[in-house]
Amino acid sequence: MADVKMVSLTIEGRPVTVPDGMSILEAAKTAGVLIPHYCYHPGLPVAGVCRMCLVEVEKFPKLAPACATSVGEGQVVHVHSPKALEARKGVLEFLLINHPLDCPICDQAGECELQDYTFAEGRADSRYREPKRFNPVEDFGGDVLYVQNRCILCTRCVRFMSDVAQEPVLNVSERGDRAFIGKAEGHDLTNPWAGNVVDLCPVGALLSKDFLNRARAWELDRAPTVCTGCSQGCNAVAETRDNVVVRLKPRANDQVNQYYMCEVGRQGYREFNRRDRADQPLVRRGNALAIAEWDDAIASAARALSGRRLVVLASPNLSNEALFLLERMLVAVDGAGVFRLERGVEAPLPGAPDLALRNERAANATAARLLGFTETEAVGSSLGDGDALLIVGDQLDGIGSADLDRASSIVYVGTALPASLEARAVVVLPITNIVEEEGTLTNLRGRVQRFLQAKAAPGVARPTWYVLADLLAAVGGDGRFFMPAEVFAALAATHASFAGLDYEALGLRGLPLVESGTPADTAEVTA
Ligand code: SF4
Ligand code: SF4
Ligand code: FES
């Protein structure tokens, strides 16, 4: 930052020094002062239309919109002065003239900025006695509903579609008190990134049809996660209600996804709520799979996998920790690791640099390659007659019945037993899915990112790393790990590209690998 001119000012009595050109609103954030705002969003061009961010700046002739006013040397800014508060109270009063007070039935209640600022700074009652304007709800297409009565015309949705998605299908139609958000005729909000307008809307005017009436905001538990829909690795929040994932929302990370998520990622939450989960270890007894204790199942699996060549079919959605333990297993028991990758159409978000729904529809192919797994279309070609097959994860596409029949024994470690394995697996070890465990993933740019547990696992299913560590120990490898952080530490200690990384340093926004894009890790791996 050596050649960036810095400016010092005082905001609400707190001295701050920020780069020249920054808005007062952003500078206030660095001082821990929230200036109320509606139209301003850090991911969108400044519009300055709502006037909710009015502040008093000493020596200015009138109040200034903090989002559209740059900092100046020696400025003294008052956010909560009587004059500024009176102005913002007036803005709120005008916004509420036509806004229906239907918070009890509004999806946004509890996370609504109109509710919050009215509570903090608004009038206790309304002076408006006339009937409120009424307009019907409009289906905007895609997953989006427009409740015009609640719209405060901040234009965030319009600017997102025109400047970020660069598909300008929304506009401000009519003028004055008849103004509303219009949709270009013949167009729908079906852009793969259009769902972001629901998050951007500060009130309940744009709603997700999928989430409609599913939960109140205050009923939700939240945990940071990483989307597994593709190799972009968008940062997300998994929101759960009564142990069911009800929504994935983007978590800001300017190195990966800015403030956004695509529709494929958002809809991916359904997979986490499958009802057909494997929730008990199973061991084959005669023709049937029977419920077993974990210790017996692990011992049976180790016997089934030892003494012959091992092929590991790993899901490219497994965590770095799980892939590392499988790599160790392939050292302990001679064999080969393969993975299969789903591909789809790439869909960039034009206004956000290096952000796209990637054609690689899995979260961790980068780490799978780094840890020596080979990508293959036809999994069966890696499998010789009499090999033992260890399947970890749920992706069985690309492996046919004839291939499965060539394996001398099959151990399945996954979340839902596929029908093709019901008669073939000798052991089933139930594992957690990504929102039920903790770990890390490596995205296509080599950024290592943590995800945390959001919900409980079904039955006695265990975290993937935990099961694989036990299995590794049972086949004679070093599997003495008690926490996922320890597995990651062992990975970082033995693989040059992960060197120096640990959970604490990664934080919740991740860090790049030492040598991003390294095709194969050359570090020596000991079993
Ligand atoms: S629909 Fe929401 S985001 Fe769009 S202008 Fe209205 S209040 Fe703003
Ligand atoms: S771009 Fe990929 S990682 Fe991001 S939300 Fe979409 S599917 Fe998920
Ligand atoms: S946030 Fe500044 S004018 Fe709207």
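Report, by residue number, each residue of region 45-59 that is part of a loop (DSSP other than H, G, I, E, B) and near ligand 3 (Cβ under 10 Å from one of its atoms).
Step one: filter region 45-59 for residues part of a loop (DSSP other than H, G, I, E, B), giving 45-53, 58-59.
Matches in region 45-59: Val46, Ala47, Gly48, Val49, Cys50, Arg51, Met52, Cys53.
Just one of (1) hydrophobic (A, V, I, L, M, F, W, C); (2) open to solvent by 10 Å² or more (accessible area, probe 1.4 Å); (3) not in a helix (DSSP H, G or I) fails for Leu96. It is (3).
Being in contact (Cβ under 8 Å) with a residue 60 or more places away in the chain and either in contact with a strand residue (DSSP E or B) (Cβ under 9 Å, 6 or more places away or on another chain) or surrounded by fewer than 19 Cβ atoms within 10 Å (Cβ to Cβ) (or both) is a description that does not apply to Leu170.
Within the set Leu383, Leu349, Leu396, Leu355, the sole residue that is more than 26 Å from Ala490 (Cβ to Cβ), in the same structural domain as Ile410 (by the TED database) and touching a Phe, Trp or Tyr at 6+ places or on another chain (Cβ under 6 Å) turns out to be Leu349. Against the conditions (1) open to solvent by 50 Å² or more (accessible area, probe 1.4 Å); (2) touching an Asp or Glu at 6+ places or on another chain (Cβ under 9 Å), Pro61 satisfies every one except (2). Filtering Met1, Met22 for residues that are away from ligand 1 (no atom under 16 Å from the Cβ), at pLDDT below 95 and more than 15 Å from Glu121 (Cβ to Cβ) leaves a single hit, Met1. Would you check if there is a residue in region 288-303 being farther than 26 Å from Asn364 by Cβ and either of a type in the set (Ser, Thr, Tyr) or open to solvent by less than 10 Å² (accessible area, probe 1.4 Å) (or both)? Yes, that holds for at least one residue. None of Ala368, Ala402 is part of a helix (DSSP H, G or I) and over 33 Å from the mean Cα position of the chain (by Cα) except Ala402. Of the candidates Gly446, Gly372, the single residue that is in contact with a Pro (Cβ under 9 Å, 6 or more places away or on another chain) and modelled with pLDDT of 95 or more is Gly446.
For region 46-72, the candidate set comprises residues that are within 15 Å of ligand 1 (Cβ to nearest atom), among the aliphatic types (A, V, I, L, M) and touching a residue at least 40 places away in the same chain (Cβ under 8 Å); within that set, the residue that is nearest to Val16 (Cα to Cα) is Met52.
Considering region 211-259, and only residues there that are among the hydroxyl-bearing types (Ser, Thr, Tyr) and within 27 Å of Cys106 (Cα to Cα), the residue that is farthest from ligand 3 (Cβ to nearest atom) turns out to be Thr240. Among the residues of region 182-210, those identified as among the β-branched types (Val, Ile, Thr) and either within 16 Å of ligand 3 (Cβ to nearest atom) or closer than 20 Å to Pro42 by Cβ (or both) are Val197, Val198, Val203.
The values are calculated or read from the model by the stated rules, or taken from the named source; none is laboratory data. Because the structure is a prediction, the values reported are computed rather than measured. So basically every Cβ, Gly included, is an ideal-geometry build from the backbone, and we count neighbours across all protein chains shown. Protein only, heavy atoms only, side chains kept; ligands, DNA and RNA dropped before computing areas. Shrake-Rupley method; radii C 1.70, N 1.55, O 1.52, S 1.80 Å.
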